[in-house]
Amino acid sequence: MDAPAIAATGLTMRFNGFAAVDGVDLRIEKGELFGLLGPNGAGKSTIIKMLTTMLRPSAGSAAVWGYDIKKERDAVRSSIGVVFQDPSVDSQLSGRENLDFHGRMYGMDRKTREARVAEVLELVDLTEKADVLMEDYSGGMQRRLEIARGLMHHPNVLFLDEPTLGLDAQTRRYIWRYIERMNEDEGVTVVLTTHYMEEADHLCKRVAIIDQGRIVALDTPESLKDLIGADIVTLEVDDSVTDDQVRAVSDVDGVEAADRTGSILRLSVDRSEARIPEIILSASRAGLLIRSVSMHEPTLEDVFLKFTGKKIRESESAGAGRMAAVQSRMRTRRH
Ligand SMILES: Nc1ncnc2c1ncn2[C@@H]1O[C@H](COP(=O)(O)OP(=O)(O)OP(=O)(O)O)[C@@H](O)[C@H]1O
């Protein structure tokens with residue numbers, strides 16, 4: 001088999017004794033669009049910082065495009081492009097000037113730079129805005145330009161840290177399209193971090209679910225969701241629900257598992273559409289008042305819950321502040 005784009009063994013990062021990344025083993029093939037999914041604080045950015053040689057691991061080893069991240073840092077750096085969460089373009093320059101500046105830093109000559117700037121602008125649909133100052137770009141346009149900049153020097157691997165953080169749903173979908181496009185058209189291996197499960201599900205061919213510095217599951221989104229198998233039926237019930245009432249509901253044919261948090265009952269149900277009437281009937285016979293019923297097919301959120309016992313969003317108190325900070329920086333740059 002061809003050498004992988006990334007191979008990591010026992011990758012660990014400790015900050016004052018606290019293991020932010022704890023023994024991560026990872027193999028990402030060339031040409032993959034790979035996602036690290038997990039709540040804020042899970043260790044995703046720290047993994048990226050080690051792989052991009054910005055942080056030296058406390059333990060373990062890794063190679064990016066065949067180069068050792070500790071011993072061959074320059075070779076690693078010239079093989080990769082990186083787009084971090086914080087905006088790093090110059091707001092007083094136009095999109096074209098920012099890209100040109102980046103090309104110079106990589107020692108590209110003028111002719112090569114001009115041709116490549118035109119190419120990457122085209123890839124993210126910013127050709128028409130090339131000469132507009134960055135401070136007049138919207139948040140989504142700014143992010144597209146950052147992605148284009150990461151591609152300027154033809155990297156083999158592009159790392160994107162939360163590429164759609166703080167963007168609205170529609171803009172997020174556009175960015176997904178550009179990421180797919182560069183993965184397919186330019187053949188770039190893409191490694192992105194996200195705490196949006198829809199993003200990992202829609203965009204990534206394989207996903208590693210990260211919690212507290214460890215990979216808790218790794219596979220294609222479909223295979224991960226298949227681990228859940230059944231649909232998820234959520235019942236909102238009375239606070240006074242008893243164990244007997246929960247049992248009456250979970251004894252219904254097709255109910256594979258039941259889990260109660262306060263007044264919420266989550267049931268894993270095989271062929272749920274056929275079972276819901278029987279579930280409601282059994283609840284009613286047991287004297288259980290149901291306030292609402294909803295049903296969904298398994299998502300990566302359910303996978304995260306299965307492996308960690310908590311929801312991605314619940315683990316994210318720090319995340320809201322982080323997102324607000326990025327949004328505020330994006331706003332500041334517009335005015
Ligand atoms: N330089 C540092 N010094 C001390 N602790 C740190 C440092 N960098 C990260 N951490 C801690 O390591 C843990 C993992 O952080 P990391 O930024 O990698 O998480 P993440 O999953 O990328 O989340 P986010 O998207 O919010 O950055 C967190 O608890 C964080 O507070």
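Given 158, 145, 167, which one is closer than 27 Å to residue 3 by Cα and either in the same structural domain as residue 192 (by TED's automatic domain parsing) or without any contact (Cβ under 8 Å) to a residue 24 or more places away in the chain (or both)? Break it down stepwise before answering.
On the way: 145 fails: closer than 27 Å to residue 3 by Cα; 167 fails: closer than 27 Å to residue 3 by Cα.
Exactly one of 158, 145, 167 is closer than 27 Å to residue 3 by Cα and either in the same structural domain as residue 192 (by TED's automatic domain parsing) or without any contact (Cβ under 8 Å) to a residue 24 or more places away in the chain (or both), namely 158.
Does the range 187-234 hold any residues that are polar (S, T, N, Q) and either closer than 27 Å to residue 9 by Cβ or within 16 Å of the ligand (Cβ to nearest atom) (or both), and which are they? Lay out the reasoning, then the answer.
Just the residues of the range 187-234 that are polar (S, T, N, Q), to begin with: 189, 193-194, 212, 220, 223, 234.
Matches in the range 187-234: 189, 193, 194, 212, 220, 223.
Residue check: is residue 86 under 25 Å from residue 46 (Cβ atoms) and among the acidic types (Asp, Glu)?
On the way: under 25 Å from residue 46 (Cβ atoms): yes; among the acidic types (Asp, Glu): yes.
It is true that residue 86 is under 25 Å from residue 46 (Cβ atoms) and among the acidic types (Asp, Glu).
When the residues of the range 45-65 are filtered to those that are assigned to a loop (DSSP other than H, G, I, E, B) and hydrophobic (A, V, I, L, M, F, W, C), which remaining residue is nearest to the ligand (Cβ to nearest atom)? Spell out the reasoning first.
So the first thing to find is which residues in the range 45-65 are assigned to a loop (DSSP other than H, G, I, E, B), and the list is 52-58, 65.
Then drop every residue that is not hydrophobic (A, V, I, L, M, F, W, C), which leaves 54-55, 65.
Working: 54: 10, 55: 8, 65: 22 Å.
Selected residue: 55.
Can you tell me which of 86, 68 is surrounded by fewer than 19 Cβ atoms within 10 Å (Cβ to Cβ) and within 16 Å of the ligand (Cβ to nearest atom)?
Details: 68 fails: within 16 Å of the ligand (Cβ to nearest atom).
Answer to the check: 86.
Sort out which residues of the range 114-136 are touching a residue at least 24 places away in the same chain (Cβ under 8 Å) and within 23 Å of residue 185 (Cβ to Cβ), and write them in order of number. Talk me through it step by step, then tell me what you get.
Pass one, the range 114-136, residues touching a residue at least 24 places away in the same chain (Cβ under 8 Å): 116-117, 120-121, 123-126, 129-136.
Within the range 114-136, 116, 117, 120, 121, 123, 124, 125, 126, 129, 130 qualify.
I need every pair where a residue in the range 61-90 that is not assigned by TED's automatic domain parsing to the domain that holds residue 146 has its Cβ under 8 Å from the Cβ of a residue that is surrounded by 18 or more Cβ atoms within 10 Å (Cβ to Cβ) and of a type in the set (Phe, Trp, Tyr), sequence separation at least 6 or different chains.
Note: no pairs meet the criteria.
Can you name every one of the helices (runs of 4 or more DSSP H) wholly within the range 243-335 that holds 1 or more residues which are within 28 Å of residue 86 (Cβ to Cβ) and at pLDDT below 90? Reasoning before the result, please.
Values: elements: 243-250, 272-285, 300-308, 317-334.
The qualifying helices (runs of 4 or more DSSP H) are 300-308, 317-334.
List pairs: first residue in the range 22-43 and more than 12 Å from residue 206 (Cα to Cα) and touching a residue at least 40 places away in the same chain (Cβ under 8 Å), second residue of a type in the set (Ser, Thr, Tyr) and within 14 Å of the ligand (Cβ to nearest atom) anywhere in the structure, Cβ distance under 7 angstrom, at least six positions apart or on different chains.
Note: pairs meeting the criteria are 22/12; 23/12; 39/315.
Okay, residues lined up against (1) touching an Asp or Glu at 6+ places or on another chain (Cβ under 9 Å); (2) within 16 Å of the ligand (Cβ to nearest atom):
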{"residue": "129", "(1), (2)": "yes, no"}
{"residue": "134", "(1), (2)": "yes, no"}
{"residue": "139", "(1), (2)": "yes, no"}
{"residue": "151", "(1), (2)": "yes, no"}
{"residue": "156", "(1), (2)": "no, no"}
{"residue": "172", "(1), (2)": "yes, yes"}
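Would you please list the contacts, defined by Cβ atoms under 8 Å and residues six or more apart or on different chains, that run from a residue in the range 1-19 that is of a type in the set (Asp, Glu) to a residue that is more than 15 Å from the ligand (Cβ to nearest atom) and assigned to a loop (DSSP other than H, G, I, E, B)?
Pairs found: 2/29; 2/30.
The values are calculated or read from the model by the stated rules, or taken from the named source; none is laboratory data. Keep in mind that this is a model prediction, so the values were computed, not measured. We place every Cβ from the backbone using ideal geometry, glycine too, and count neighbours over all the protein chains shown.
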